[in-house]
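*Asks:* Below is the structure I would like to discuss, written out as structure tokens.
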Amino acid sequence: MDDSLSNTIMAVDERLTHATITWSDPSAALGGGRGTAAGSGDGSARRDGTADDEDAYLVAAMASAALAAAEVRAGFGDGMSLNDRKVAVDGAATEAAEKILGRAPFRIRVAAGEGERDDSPGAHTGQWLGLPDEGSPVIDGVFDYVDGTELAATDQPGALALGGFGSGVRPVPDLQAYAALAPTGALRGLDIMSRPEDGVVPLLERIAAAGGKRPDELTVATHSLASKPMHRTLIDLMRGRVRQVLVPERVTVEPPYLLSLAGLSEPRIDSMIGAIGLSELAFAAGLVDLVAPELGFVFRLASVTGPRAEPGLTSLDALFKFSEDEEAALRAGGWRKDRQYTSEDLVRPGTSRAATLFAVTDNPALGLRGPEPHGGDVAHVEGFLVKPAARIGSIRLSYRR
């Protein structure tokens with residue numbers, strides 16, 4: 001990949017004035033690099049249908065989503081409710097991203113997206129974007145135009161615009177999963193169907209053994225306590241068994257933890273255990289396929305409405321209380337609530353093509369700055385493009401206002 005990708009990105013969005021991509025060495029620590037590709041908007045992009053086109057549209061769309069979310073946030077009034085702020089952020093990001101994805105010279109089948117469950121703006125599973133010609137090549141897309149919408153709406157660090165392309169993503173309903181990250185060779189032997197609070201200790205022991213460690217040497221990422229107390233018991237059980245449990249302060253955004261596997265954040269995790277949205281899990285599985293294919297997820301399907309109906313629970317029991325609509329959605333997609341799955345049931349190994357993430361607000365864990373809504377005539381968006389074999393490009397895009 002050379003200057004052609006930078007130029008192709010700028011040809012996709014006429015507002016861009018500069019694009020810089022620094023490609024890192026997969027074996028290097030954070031900050032290492034082995035070359036830079038930069039473009040200056042001369043319109044000389046290569047447009048021959050290669051992977052440059054795919055990467056350019058993915059990068060341009062998700063960067064545009066991040067910028068739009070940041071700019072709409074800057075216009076919020078003091079009397080605006082949190083829900084209205086979140087809808088405005090998601091709406092602006094969705095419109096910006098899909099304006100670009102809709103012009104892609106290939107077909108995009110949305111296999112996973114977030115927003116349908118709450119009838120809010122966002123990508124929806126089964127949606128089609130890009131070239132309408134049914135004979136065109138089809139790419140599977142996984143999108144969360146703003147992961148951490150509440151963070152973006154309240155101008156707190158950590159919100160990201162996420163997008164991924166692949167060719168083997170199984171479509172998912174907009175529900176949840178209870179999942180664990182572990183070495184791929186151990187996934188089939190793990191029990192994820194037990195009640196989480198009863199099964200987490202043997203689960204940790206097996207994950208540790210598969211990695212050649214003791215449980216008290218593990219660093220495990222999990223979900224936030226801020227939204228509901230339902231996670232507390234599981235977190236307390238893990239804290240008594242492992243070296244460190246990483247608990248987000250407010251909203252759970254998984255990619256920074258997963259990118260520790262490629263040296264982009266720290267500490268490096270050994271596992272991730274807890275509740276995760278199915279669309280987020282699809283993106284996470286694709287990201288792991290790109291940066292750490294020796295790892296994968298084991299998971300079971302989980303409810304959204306169950307926990308909402310019992311917000312005071314301090315266990316994960318409500319995760320498995322499905323509504324009739326949720327059960328119908330599972331049946332329609334050929335999913336079953338009484339069996340466990342692995343990453344291979346979600347993303348076929350080796351089929352992830354690319355993943356992008358751009359900062360909507362500052363992201364200290366990844367060293368990214370969010371766009372400055374009132375930064376003068378030029379706006380800057382920062383993020384990463386992740387390719388197979390942990391090839392990672394650090395991207396900075398400049399937009400004319």
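*Asks:* Report the extension gain between PHE76 and GLU294 in nm, rounded to one decimal, defined as 0.36 nm multiplied by the number of residues separating them, less their alpha carbon distance.
*Replies:* Details: separation 218, 0.36 × 218 = 78.48 nm, distance 4.43 nm.
Once the chain is fully extended between PHE76 and GLU294, it gains 74.0 nm.
*Asks:* Let me ask you something else. Can you tell me which of THR356, THR305, THR125 moves the most in a GNM of the chain? Springs connect C-alpha atoms under 10 Å apart.
*Replies:* For the chain, modelled as a Gaussian network with Cα springs under 10 Å, the answer is THR305.
*Asks:* Okay, moving on. Between ARG268 and ARG348, what length comes free when the chain is fully extended (0.36 nm per residue of separation minus the Cα-Cα distance, one decimal in nm)? Could the numbers behind the result be given before it?
*Replies:* On the way: separation 80, 0.36 × 80 = 28.80 nm, distance 2.47 nm.
So the extension gain works out to 26.3 nm.
*Asks:* Also: Applying the Karplus parametrisation 6.51 cos²θ - 1.76 cosθ + 1.60 with θ = phi - 60° to the phi angles of the stretch 310-318, what ³J(HN,Hα) value in whole Hz is obtained for each residue in order, glycine and proline being reported as x?
*Replies:* 10, x, x, 5, 10, 9, 8, 4, 5
*Asks:* Given 0.36 nm per residue, what is the gain on full extension from SER136 to ARG232 after removing their alpha carbon distance, in nm? Walk me through the intermediate numbers first.
*Replies:* Working: separation 96, 0.36 × 96 = 34.56 nm, distance 4.84 nm.
Result: 29.7 nm gained on full extension.
*Asks:* With a sphere of radius 9 Å drawn around the Cβ of GLU254, what net charge do the other residues whose Cβ falls strictly inside it have (Lys, Arg +1; Asp, Glu -1)?
*Replies:* Numbers: positive: none; negative: ASP147, GLU280.
With Lys, Arg at +1 and Asp, Glu at -1, the net is -2.
*Asks:* Please give the FRET efficiency for ARG214 paired with ALA389, using the beta carbon to beta carbon distance and R0 = 22 Å, rounded to the nearest 0.05. If you can, show how the numbers build up before the last one.
*Replies:* Working: r = 30 Å, r/R0 = 1.38.
Given R0 = 22 Å and the Cβ-Cβ separation, E is 0.15.
*Asks:* In terms of Cα to Cα distance under 12 Å, which aspartates and glutamates are near enough to LYS337, apart from those fewer than 8 places away along the same chain?
*Replies:* GLU326, GLU327
*Asks:* Counting only protein chains, not ligands or nucleic acids, how are MET80, MET62 ordered by accessible area (probe 1.4 Å), most first?
*Replies:* Putting MET80, MET62 in descending order of accessible area: MET80, MET62.
*Asks:* Considering only C-alpha atoms, what is the centroid distance from the stretch 194-234 to the stretch 77-153, in Å?
*Replies:* Taking the Cα centre of each part, the stretch 194-234 and the stretch 77-153 sit 32 Å apart.
*Asks:* Compute the FRET efficiency between HIS380 and ASP317 as 1/(1 + (r/R0)^6), taking r as their Cβ-Cβ distance and R0 = 35 Å, and round to the nearest 0.05. Present the calculation step by step, with values, prior to reporting the outcome.
*Replies:* Working: r = 46 Å, r/R0 = 1.31.
Between HIS380 and ASP317 the formula returns 0.15.
*Asks:* Another one. Within the chain, which complete DSSP H helices have Cα atoms spanning at least 15 Å along the helix axis and a mean Kyte-Doolittle hydropathy of 0.0 or higher?
*Replies:* Values: long enough: 51-73 (33 Å, 0.51); 82-101 (28 Å, -0.07); 196-210 (21 Å, 0.49); 278-291 (19 Å, 1.69).
For the chain, where a helix must reach 15 Å along its axis and average at least 0.0, the hits are 51-73, 196-210, 278-291.
*Asks:* If you find the alpha carbon centre of the stretch 362-398 and of the stretch 238-276, how far apart are they in angstrom?
*Replies:* 21 Å
*Asks:* A further question on this structure: Kindly write out, for the stretch 250-262 in residue order, the coupling ³J(HN,Hα) from the Karplus curve 6.51 cos²θ - 1.76 cosθ + 1.60 (θ = phi - 60°), rounded to whole Hz, with x marking Gly and Pro.
*Replies:* Values, residue by residue: 10, 10, 7, 10, 6, x, x, 5, 5, 6, 5, 5, 10 Hz.
*Asks:* Near the amide H of LEU131, under 5 Å away, which other amide H atoms are found, from residues 5 or more places off or on another chain, if H is placed in the peptide plane?
*Replies:* Here ALA104, PHE106, ARG107, ILE108 satisfy the definition.
*Asks:* While we're on this one: Treating cross-link reach as a plain straight distance, find the aspartates and glutamates whose alpha-carbon is under 17 Å from the alpha-carbon of LYS387, omitting any fewer than eight places away in the same chain.
*Replies:* Hits, sequence-local ones excluded: ASP2, ASP3, ASP25, ASP52, ASP53, GLU54, ASP55, ASP140, ASP289, GLU294.
The values are calculated or read from the model by the stated rules, or taken from the named source; none is laboratory data. What you see is a predicted model; the values in this text were computed from it and never measured. Note that we place each Cβ from the backbone using ideal geometry, even for glycine, and neighbour counts take in every protein chain shown. Surface areas here come from the heavy atoms of the whole protein model, side chains and all, with no ligands, DNA or RNA. Shrake-Rupley method; radii C 1.70, N 1.55, O 1.52, S 1.80 Å.
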